[in-house]
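Following: one structure in structure tokens, then a few remarks.
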Amino acid sequence: MTALSNIRHHPKDVTLAAYAAGQVDEARSVVIAAHLKLCPICRLAVGDFETVGGACLETVEPVGLSDSALDSFWLRAGRQEMSPAPASVLAANDFSLDAMHPLSRYLKDGVDAIEWKSVAPGLAQHVIPADGYRPGVLRLLKISPGVRIPKHTHGDEEMTLILRGSYTDEVGEFRHGDLADLDEDVLHAPLATGDEPCICLIATNAPLRFRTIMGRIAQPFIGL
Amino acid sequence: MFGALARRVTGQRPGGPRSVAQLIPADPDRLNDLLLQVARSADREAFNSLFAFFAPRIKGYLMRIGSPADLAEDLAQEAMLKVWRKALLFDPSKASAATWIFTIARNLRIDAARRAAKPALDAEDPAFTPEEEPPADVMMERQSRDEKIRAAFQSLPPAQYEVVRLHFIEDAPHSEIAERLNLPLGTVKSRLRLAFEKIRKELGDSVE
């Protein structure tokens, strides 16, 4: 595994399966897609779960189309050109969700252009509403080296991806590309390590939960 | 009416019109071949067979997932149009025909929901960055991988099979599946977990 990538923390299988099933809200699918860009192992797993999806589609009770469906299909199809063969195998099968949920849709000018709002010494954030399919909230956190976030648990639907830098907590060390898909009951206090600020992308699905977490973040910091 | 024809699938009622059975393929290799025929020579006969098999299932899928019948039919048409137009992009070494068509239908449904949620949003993504190919030693031949996954899925204990199936073909969060099957939420989650573990094991992947 290490020969392939340095990523050590991955989404749970149930999370990847939900993603393949199209059951994940917009905010979490952005976080998962960003991880997939970096993680060939999880891309393979999503492909596997899509195979389950294909098998499930075959089991669906068919619902007949209208009598004229095939005729109107050919009427529509006749006016359209077929797409040319792909230039490379890389361009083929470009129907992955990955192509539809890039982080760039929300961060057009990249991580460097983010306008951070200071929350506390050594901690800044940037909040983006993730509109679209089952809206949620995307939150970016910037933690200065040596700063520790107070102990907290995660909601079931929360997910954190490390975009820059690293942090260490009770679970282990999280670096670029690692995704924390923690169980609800995991209590942790991440400490930003290394020389550069740790930038994390966090998906939350409900404003209510988001406020609760904000309350926790406003708590005094240890290690300042 | 084609339900009985999806062979090796549990929970299907036997007895469908035989004559249709010969026309309607349900075996993965045959579906792949038909799609490749469409790609090679824009073969309309082959496409009609694909249409007869998939269009009513896509419509059924979209209706189960909450689309009204007319929208589901329209989206099923749109999905099949993509299959026709993009047939040359189909690569059986990456996904089987059924998998490929499932992802097309799934993405169309998500796009439709997105348009409904926020009409002004641009549904087409401008930047598609090609990814690296998975290394050859990890990329077990797709077809044999698919076969193992399908076999594992179809031999799941009925209770797990049904939960996985609902997860993929209904717009039902875990809590809704729990309610529907009259099960505690924890049971639904653990059945899904166990099912996915089994599928992984069948692939020879390590289970964490």
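The values are calculated or read from the model by the stated rules, or taken from the named source; none is laboratory data. This structure is a prediction, so every number in the text was calculated from the model and none was measured. A quick note on method: Cβ atoms are made from the backbone with ideal geometry, for glycine too, and the neighbour counts reach across all protein chains shown.
Worth a mention:
- Tally, over segment A:121-136, of residues that are surrounded by 17 or more Cβ atoms within 10 Å (Cβ to Cβ) and under 15 Å from A:Cys198 (Cα atoms): 5
- Residue match in segment B:54-67 (condition: more than 18 Å from A:Gly54 (Cα to Cα) and either surrounded by 17 or more Cβ atoms within 10 Å (Cβ to Cβ) or hydroxyl-bearing (Ser, Thr, Tyr) (or both)): yes
- When B:Phe90 is tested against (1) touching a Phe, Trp or Tyr at 6+ places or on another chain (Cβ under 7 Å); (2) buried (at least 23 other Cβ atoms within 10 Å of the Cβ), only condition (2) is not met.
- Considering segment B:195-204, and only residues there that are more than 8 Å from chain A (Cβ to nearest Cβ) and surrounded by 16 or more Cβ atoms within 10 Å (Cβ to Cβ), the residue that is modelled with the lowest pLDDT turns out to be B:Glu202.
- Flag if A:Leu16 is more than 7 Å from every other protein chain (Cβ to nearest Cβ), at negative phi and in contact with a Lys or Arg (Cβ under 6 Å, 6 or more places away or on another chain): no
- Single match in A:Phe73, A:Phe49 (criterion: more than 7 Å from every other protein chain (Cβ to nearest Cβ) and without any contact (Cβ under 8 Å) to a residue 40 or more places away in the chain): A:Phe49
- Inter-residue pairs, beta-carbon under 7 Å, first over 17 Å from A:Pro135 (Cβ atoms) and in segment A:6-29, second acidic (Asp, Glu), 6+ apart: A:Ile7/A:Asp178; A:Arg8/A:Asp178; A:His9/A:Asp178; A:Pro11/A:Asp181; A:Lys12/A:Asp181; A:Thr15/A:Asp181; A:Ala20/A:Glu50
- Checked against the criteria, B:Val20 does not count as modelled with pLDDT of 50 or more and not in a loop (DSSP other than H, G, I, E, B).
- Members of segment B:144-194 that are of a type in the set (Asp, Glu) and within 11 Å of chain A (Cβ to nearest Cβ): B:Asp146, B:Glu147, B:Glu162, B:Glu170, B:Asp171, B:Glu176
- Of all residues in segment B:56-85, those that are under 20 Å from B:Phe168 (Cα atoms) have Cβ atoms under 8 Å from Cβ atoms of residues that are among the aromatic types (Phe, Trp, Tyr), 6 or more apart or on another chain, in B:Pro56/B:Phe2; B:Arg57/B:Phe2; B:Ala79/B:Phe54; B:Met80/A:Phe73; B:Met80/B:Phe51; B:Met80/B:Phe54.
- Residues within segment B:95-131 that are buried (at least 18 other Cβ atoms within 10 Å of the Cβ) and either within 7 Å of chain A (Cβ to nearest Cβ) or at pLDDT 85 or above (or both), tallied: 18
- Restricting attention to segment B:64-94, the residues that are closer than 19 Å to A:Asp67 by Cβ, touching a Ser or Thr at 6+ places or on another chain (Cβ under 8 Å) and facing chain A (nearest Cβ under 7 Å) add up to 2.
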